[in-house]
1. Scan B:Phe154, B:Phe202, B:Phe192, B:Phe144 and give me the residue that is surrounded by fewer than 21 Cβ atoms within 10 Å (Cβ to Cβ) and closer than 23 Å to B:Ser257 by Cβ.
2. Identify, by number, the condition in (1) in contact (Cβ under 8 Å) with a residue 60 or more places away in the chain; (2) away from every other protein chain (no Cβ under 14 Å); (3) farther than 16 Å from B:Met296 by Cβ; (4) of a type in the set (Ser, Thr, Tyr) that B:Ser260 doesn't meet.
3. May I ask you to say which residue of B:Ser168, B:Ser141, B:Ser160 is within 22 Å of the chain's Cα centre (by Cα) and either closer than 22 Å to B:Val114 by Cβ or at the interface with chain A (Cβ under 8 Å from one of its Cβ atoms) (or both)?
4. Can you spot a residue in the stretch B:341-351 that is under 21 Å from B:Val442 (Cα atoms), in a helix (DSSP H, G or I) and either within 22 Å of the chain's Cα centre (by Cα) or without any contact (Cβ under 8 Å) to a residue 24 or more places away in the chain (or both)?
5. Condition test on A:Ser85, is it more than 10 Å from chain B (Cβ to nearest Cβ) and touching a Ser or Thr at 6+ places or on another chain (Cβ under 9 Å)?
6. Output the helices (runs of 4 or more DSSP H) that fall wholly within the stretch B:366-466 and possess 2 or more residues being surrounded by fewer than 21 Cβ atoms within 10 Å (Cβ to Cβ), more than 21 Å from the chain's Cα centre (by Cα) and at pLDDT 90 or above, or say none.
7. Considering every residue within the stretch B:302-324, establish whether at least one is buried (at least 24 other Cβ atoms within 10 Å of the Cβ) and either of a type in the set (Asp, Glu) or in a loop (DSSP other than H, G, I, E, B) (or both).
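The values are calculated or read from the model by the stated rules, or taken from the named source; none is laboratory data. On a predicted model such as this, the values are computed, not experimentally measured, just so you know. FYI the Cβ positions are ideal-geometry reconstructions off the backbone, even for glycines, and counts take in every protein chain you see.
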Amino acid sequence: MNINFPLDWFFIAILFFTGAYCMIVSRNIIKLLIGFEIISKSATIAMITAGQATNNMALAQSVIIVMIMVEAIVIASGLALVVKSYRLNGSIDIKKLMNLKG
Amino acid sequence: MAIDLISYSLVPLFAALIIPFIPRKHRRITEIIANITLLSGIINLGYVIIYYLVLNDYTSYTSDAFTTLMLFTIYLVGMAITFFSTYYEVEKDTNFSSYYSLILVSVSAMCSLVMSRDFFTLYIFMEALSVCSFALITSDSKTFSIEAAIKYFFLTFPASVLIIFGISLLMINYGTFDFDTIKFTSMNFLTFVSLSFIILGFLIKAGIVPFHFWTPDVYEGSYSPVSAYMAGIVTKVGGIYAIIKIVMLLSSYGFGSNLSKLLLFTGFLSVFVGAIAATVQKNMKRMLAYSSISQMGYIILAAATFSPIGIIAAVFHLINHATFKTVLFLNSACVEKSTGTTNMDELKGLEHRMPWTSWTSIIALFSTAGLPPLSGFWSKLLIILALWQSGHIFYAVAALIASVFTLAYFTIMQKKVFFGKLPEKFNDIKEAKYQLLIPVVVISLIIIFTGVFFNRVFPYFERILS
């Protein structure tokens with residue numbers, strides 16, 4: 001099959017690296033979660049592009065709906081973790097979580 | 001999904017749904033429901049497996065035999081952990097009803113994962129398993145466990161994005177992601193990239209060496225029975241199982257020479273970095289975590305040969321690892337409960353006070369290091385044979401040398417914790433309750449019997465993985 005990579009893949013790459021940059025540089029755990037959400041969205045768009053390229057949007061759509069559900073659960077439980085961490089440590093700075101060392 | 005086995009996944013799920021509705025004061029009922037659910041499953045699966053092992057007759061066996069074996073391992077470790085936590089002192093803050101319900105949901109997710117027949121189902125249940133496990137890590141609500149859970153979250157969830165990228169590239173190439181309908185007719189660039197993305201994601205989930213930074217922290221920081229659960233089965237099924245599945249899929253089409261080099265190198269790195277780092281650790285749980293990394297490297301090395309004997313060795317070592325690592329982590333939990341610490345410099349001479357714990361940990365560590373009558377010896381022998389036969393002589397020798405390191409760090413652990421003269425402050429400690437020893441002793445017996453009756457076990461493995 002001849003695949004010409006459409007413009008989507010550039011957007012996907014840009015979104016992915018935006019999210020990855022956000023996850024690398026920020027120290028605030030909420031910002032890390034936002035970065036994670038951005039890279040998840042780039043994966044969603046990759047799936048849409050795959051469905052469009054193979055003319056199989058039905059499969060791609062059903063996959064994406066399940067993916068969005070999974071992401072919502074992951075982010076919700078991640079936020080619960082942040083709240084629990086804030087109550088115990090009084091801070092949401094990821095650099096202060098350095099108690100476990102070898 | 002394998003429809004005829006689906007009840008093994010649905011029954012724990014229903015039990016997990018019932019548990020939150022039980023009033024908090026009836027704690028016993030919660031524990032009984034959780035234990036009975038897993039015990040019934042393990043009796044059922046154990047009957048199926050022992051029936052074929054004893055009779056040695058495989059005429060009526062279906063192709064789902066591998067799935068059945070994985071289900072048995074999951075139920076075995078799940079049962080051991082549930083029974084252990086029932087008698088392990090639960091801290092006051094621990095929400096035990098959510099604890100048992102999460103264990104049952106994660107058992108259900110793992111069973112669905114090994115039953116899945118396409119990449120997307122694999123992804124969904126892997127995510128369900130991860131969410132359950134980081135909720136389980138925080139079950140004692142201490143600073144360490146919260147930190148471990150946050151590290152686990154941020155260092156492994158980006159892997160799922162990589163898996164989705166891989167799946168979408170696979171879909172562009174083949175139009176589907178079903179294991180049965182994908183035909184790997186040619187190993188073109190796009191297939192290589194997509195499979196690399198998927199394997200990379202699962203390697204991060206499994207904690208193989210370039211991505212191992214979360215593993216020691218999580219195993220050290222989490223609630224003690226949970227760290228046995230994580231090391232024993234969760235990371236194996238959530239990460240390594242998928243890699244073995246991909247290897248089985250590719251080797252049936254005769255591809256994988258490029259992926260083989262990649263996997264061999266990560267496996268080699270993992271074996272050595274894990275073994276060397278384990279020798280210098282001071283905390284017992286942290287040392288066991290590095291040992292776990294090293295043993296997972298062996299599984300990857302075996303799978304990376306893409307040969308039938310390599311796959312048998314990988315699956316056999318995965319199951320052996322589930323048994324002996326569960327024993328070692330549960331023993332470390334017993335030691336922590338009796339003495340209040342897992343720091344190996346403070347512990348000494350516990351052999352005189354905790355003989356059962358000491359002897360079961362000797363059995364498990366000899367099995368890990370590969371001493372002859374025990375099950376770990378056979379799986380390591382198969383791994384080295386597979387590597388040698390497929391021409392990777394350097395990696396075979398490296399695996400042999402690293403197993404000497406394994407014996408070295410375990411002997412150091414045993415000497416520091418159990419041997420020597422008992423210090424004054426440990427004079428009044430006692431052996432753990434006999435209920436806590438039951439799962440450990442049963443799994444130790446499984447290790448011994450699997451090793452002694454290897455002439456029966458090997459044809460079984462050969463049969464189910466052909």
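1. Exactly one of B:Phe154, B:Phe202, B:Phe192, B:Phe144 is surrounded by fewer than 21 Cβ atoms within 10 Å (Cβ to Cβ) and closer than 23 Å to B:Ser257 by Cβ, namely B:Phe192.
2. That leaves (1) as the condition not met.
3. Exactly one residue qualifies, and that residue is B:Ser160.
4. No: the stretch B:341-351 contains no residue that is under 21 Å from B:Val442 (Cα atoms), in a helix (DSSP H, G or I) and either within 22 Å of the chain's Cα centre (by Cα) or without any contact (Cβ under 8 Å) to a residue 24 or more places away in the chain (or both).
5. For A:Ser85, the condition - more than 10 Å from chain B (Cβ to nearest Cβ) and touching a Ser or Thr at 6+ places or on another chain (Cβ under 9 Å) - is not met.
6. In the stretch B:366-466, the matching helices (runs of 4 or more DSSP H) lie at B:375-389, B:393-417.
7. Among the residues of the stretch B:302-324, at least one is buried (at least 24 other Cβ atoms within 10 Å of the Cβ) and either of a type in the set (Asp, Glu) or in a loop (DSSP other than H, G, I, E, B) (or both), which makes the answer yes.
Condition check ((1) assigned to a loop (DSSP other than H, G, I, E, B); (2) at pLDDT below 90; (3) touching a Lys or Arg at 6+ places or on another chain (Cβ under 6 Å)) across all residues:
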position	(1), (2), (3)
B:Thr37	no, no, no
B:Val48	no, yes, no
B:Tyr58	yes, yes, yes
B:Thr62	yes, yes, no
B:Glu89	yes, yes, no
B:Ser101	no, no, no
